Amino acid sequence: MPILAIIISGIVGTLVMTGIIFFISLVNNKAMKVPQLLGTLITFSTTPDGGLCRTPRCLSIGTMAHYGMGILFIFCYYLLWQLGIGKPTVLYALIFGAFHGILAVLIWWLFFKIHPHPPKLNLPDYLLSILVGHLFFALSGIICFNMINQLINIGEIQP
């Protein structure tokens, strides 16, 4: 199992997705900071006025959870490939990204609905950016996975 490729690809995919969501937030002039939002929700640390928690604890927990999920999803993609479901191609990256994005939207929506004090946020805009971000996650993560595996295979001595 290419564990290093899975870990690096999960991190790269998450970086790209986070950057895309940040870019969307700049265009829309609405702050959407996924690790900070995730840390606020996980630690139940929404400020009294509905703002995001800014403590190092919230940021570190949110960041670890965010990147951990990215690694987990690339691992899930790998398992699907091993089961003969899809391939590490651009087409399947878009298919997996769309499915993964819809799943993420449902999870985020549910998280906001069951949370006792979620931060104030334009949820429809955020969920749309999450969907778009996951397409870029899958695409960049799978491209990275392929590049790392290609580099590893180039370095092997062929009999």
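The values are calculated or read from the model by the stated rules, or taken from the named source; none is laboratory data. All figures in this text were calculated on a predicted structure; none of them were measured in a lab. Cβ atoms come from the backbone with ideal geometry, glycine included; neighbour counts cover every protein chain shown. These area figures cover heavy atoms from the full protein model, side chains too; ligands, DNA and RNA do not enter into them. Shrake-Rupley method; radii C 1.70, N 1.55, O 1.52, S 1.80 Å.
The table below gives the values:
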read-out	value
Selected residue (only one of Leu121, Leu151, Leu52, Leu59 is over 18 Å from Ile8 (Cβ atoms) and part of a helix (DSSP H, G or I))	Leu59
Complete set of residues in region 20-40 that are open to solvent by 40 Å² or more (accessible area, probe 1.4 Å) and free of Cβ contacts under 8 Å to residues at least 60 places away in the same chain	Phe22, Phe23, Leu26, Val27, Asn29, Ala31, Lys33
Count of residues meeting criterion [out of contact with any Ser or Thr (no Cβ under 9 Å at 6 or more places or on another chain), farther than 14 Å from Ile130 by Cβ and at pLDDT 90 or above] in region 1-18	8
Leu38 part of a helix (DSSP H, G or I) and touching a His at 6+ places or on another chain (Cβ under 8 Å)	yes
Condition met for Pro88 (more than 17 Å from the chain's Cα centre (by Cα), open to solvent by less than 50 Å² (accessible area, probe 1.4 Å), over 19 Å from Val34 (Cβ atoms) and not basic (Lys, Arg))	yes
Whichever residue in region 65-85 is more than 18 Å from the chain's Cα centre (by Cα) and assigned to a helix (DSSP H, G or I) and, among such residues, is farthest from Leu139 (Cα to Cα)	Gln82
